[in-house]
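Enquirer: Sharing a structure, written as structure tokens. Questions coming.
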Amino acid sequence: MIENFLMVSGQVIILFILIGIGFICGKSKFLNDNASSKLTDIVLYIVTPCVMINAFQRKFDATMLLNLGITALCSASVIIGSIVICNLVFRDKNVSRNKVLKFGTVFSNCGFMSLPLQSAILGSDGVFYGSVFVAVFNIIIWTYGLYSMSGNKKDLSVRKLALNPGIIGVVIGLILFLLSITLPNIISTPVEYLANLNTPVPMLIIGYHLSQSNLKEIFKDKWAYISIGMRLVLIPLAALAVMYMFGVRGDILVACTIASAAPVAATTTMFATKFKSDVKLSVGIVSATTLISIVTMPLIISMATIIA
């Protein structure tokens, strides 16, 4: 247990050192909102698809295809289960706040925070399964998530879903995997280099947002405490228990637990801003869960690695 905890803690601390650099850049004005926004676009539209394509660059294997299906089922079950729980728990009379609380608790930072950890702890297989979780996450966040924040069915668009960069990356990667197509070195090398940016750049972005937030206010909010507790403890432990009960083991169990244990998705703030919900609350829960996850993630992931 201690060995696993120290290994995971070491990886989380490395990420938090990068977050700390982003925090310093924000406080010193080296980074600003515009630069952070541009870096986010680079990660979302260029780096993320490259991560997905790079993760699926392997010869077709029927066992891996079966595992892919199991991972997709686990991912969907975790997120849909979280939606059900949050709809039962959150009853804030302020509609704007209630939307943010539910959205933030359901959707974890399974791309920015989880993929680097999955890569460090599980290697290429971890990124493979983590990419499947991100794909399912993208489908649900651009359907249910979009509707829950906007409250308008007109915002649901098959075109927006199909053109989501994460989905495009998975589709391309999956086609290459199913056909056992290996990209030529002149293409695969730039894709790999860009995929490697998925660890440092998102951490700098998270650090910048932390430098701009007021954490004092969030720790005075009763509903925020409930959201933080559910996002970082209740949901990942419930996901781990249910997956184990249904016989899920090995890298799939660990990869899905890592994604489930991640802090609130940074997308919460993007959607809150776009649909004029409680932006301050969204920044607060993203920042608070990111900080607290330095303790909760190693504990939960260590538990998963032991029983996997």
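The values are calculated or read from the model by the stated rules, or taken from the named source; none is laboratory data. Just so you know, these numbers come straight off a predicted model, no measurement behind them. Virtual Cβ from ideal backbone geometry, glycine too; neighbours counted across all protein chains shown.
Enquirer: Give the residue that is modelled with the lowest pLDDT, with candidates limited to residues of the stretch 43-63 that are surrounded by 17 or more Cβ atoms within 10 Å (Cβ to Cβ) and not β-branched (Val, Ile, Thr).
Expert: Looking at residues that are surrounded by 17 or more Cβ atoms within 10 Å (Cβ to Cβ) and not β-branched (Val, Ile, Thr), I get Leu44.
Enquirer: I would also like to ask the following. Starting from the stretch 19-40, keep only residues that are outside any helix (DSSP H, G or I), then list their pairs with residues that are buried (at least 21 other Cβ atoms within 10 Å of the Cβ) whose Cβ atoms are within a distance under 6 Å, requiring at least 6 positions of separation or different chains.
Expert: Listed by first residue and then by second, the contacts come to Leu31/Tyr208.
Enquirer: Looking only at the stretch 256-270, which residues are surrounded by 24 or more Cβ atoms within 10 Å (Cβ to Cβ) and part of a helix (DSSP H, G or I)?
Expert: Hits for the stretch 256-270 are Cys256, Thr257, Ile258, Ala259, Ser260, Ala261, Thr267, Thr268, Thr269.
Enquirer: While we're looking at this one, here's another question. May I ask you to verify whether Leu204 is modelled with pLDDT under 90, in a helix (DSSP H, G or I) and among the hydrophobic types (A, V, I, L, M, F, W, C)?
Expert: Yes; evaluated as a whole, the condition is true for this residue.
Enquirer: Which of the residues that make up the stretch 229-249 are more than 21 Å from Asn98 (Cα to Cα) and free of Cβ contacts under 8 Å to residues at least 24 places away in the same chain?
Expert: Result: Ala241, Met245, Phe246, Gly247.
Enquirer: Of all the residues that make up the stretch 109-132, how many are under 21 Å from Ile285 (Cβ atoms) and touching a Phe, Trp or Tyr at 6+ places or on another chain (Cβ under 8 Å)?
Expert: Here the count works out to 3.
Enquirer: Inspect the stretch 172-183 for any residue being surrounded by 20 or more Cβ atoms within 10 Å (Cβ to Cβ) and either in contact with a Pro (Cβ under 9 Å, 6 or more places away or on another chain) or under 23 Å from Ser131 (Cα atoms) (or both) and give the result as yes or no.
Expert: yes
Enquirer: Taking the condition part of a helix (DSSP H, G or I), under 30 Å from Gly20 (Cβ atoms), at pLDDT 90 or above and among the acidic types (Asp, Glu), does Glu192 pass?
Expert: yes
Enquirer: Among (1) under 30 Å from Lys27 (Cβ atoms); (2) over 23 Å from the mean Cα position of the chain (by Cα), where does Leu179 come up short?
Expert: The single condition Leu179 does not satisfy is (1).
Enquirer: May I ask you to verify whether Ser293 is part of a helix (DSSP H, G or I), surrounded by 21 or more Cβ atoms within 10 Å (Cβ to Cβ), at pLDDT 80 or above and among the small types (Gly, Ala, Ser)?
Expert: yes
Enquirer: Turning to a different aspect of this structure: Give the residue, chosen from Ile252, Ile218, Ile226, that is touching a residue at least 12 places away in the same chain (Cβ under 8 Å), crowded, with 18+ Cβ neighbours inside 10 Å and under 20 Å from the mean Cα position of the chain (by Cα).
Expert: None of the others qualify; the one that does is Ile252.
Enquirer: Can you confirm whether the stretch 147-165 contains a residue that is out of contact with any strand residue (DSSP E or B) (no Cβ under 8 Å at 6 or more places or on another chain) and within 20 Å of Thr199 (Cα to Cα)?
Expert: yes
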